[in-house]
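Have a look at the structure below, then the notes.
The values are calculated or read from the model by the stated rules, or taken from the named source; none is laboratory data. Being a predicted model, the structure only gives us computed values, none of them experimental. Counting neighbours? That spans all protein chains shown, and the Cβs are built from the backbone with ideal geometry, glycine included. Just so you know, the surface numbers come from the protein's heavy atoms only, side chains and all, with ligands and any DNA or RNA stripped out. Shrake-Rupley method; radii C 1.70, N 1.55, O 1.52, S 1.80 Å.
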Amino acid sequence: MAYTSISEIEKIYSAQEKHKDVAKHSTAQQRKKLLVRLLAAIRSNEDAIQKALYHDFHKSAMETAITEIFAVEFELKQFIKHIEKWVKGKSVS
């Protein structure tokens with residue numbers, strides 16, 4: 001299991017802060033593409049996620065699958081399904 005140093009976390013956070021305006025103005029299709037990539041990454045790293053949660057919190061693989069992985073996958077699928085409707089502008093009267 002890899003250790004992430006505080007300086008590396010700060011570097012990642014700084015990069016995210018710089019990118020937030022680009023993300024804010026992205027299209028529904030761009031966001032959907034990123035969500036699909038995130039879903040694929042979670043699925044391909046399921047074993048590593050389970051090991052990490054066991055190492056940190058002593059969660060069993062089954063508990064992790066149900067309470068963490070499946071829950072996040074469900075939410076991502078909902079986001080992917082509805083993102084285009086959610087980003088449409090609404091008139092305010």
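Here are the numbers for this structure:
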item	result
Sole residue being open to solvent by 60 Å² or more (accessible area, probe 1.4 Å), under 23 Å from Y3 (Cβ atoms) and at pLDDT below 95, chosen from D47, D56	D56
Options L39, L34: the member that is open to solvent by 50 Å² or more (accessible area, probe 1.4 Å), under 22 Å from K81 (Cβ atoms) and under 16 Å from the mean Cα position of the chain (by Cα)	L34
Residues satisfying the stated conditions in the stretch 56-85, i.e. in contact with a helix residue (DSSP H, G or I) (Cβ under 9 Å, 6 or more places away or on another chain), within 21 Å of A40 (Cβ to Cβ) and not β-branched (V, I, T)	A61, A65, E68, E73, L76, K77, F79, E84
Close pairs (6 angstrom Cβ cut-off, 6 or more residues apart or separate chains): basic (K, R) in the stretch 44-62, not in a loop (DSSP other than H, G, I, E, B) anywhere	K59/L53
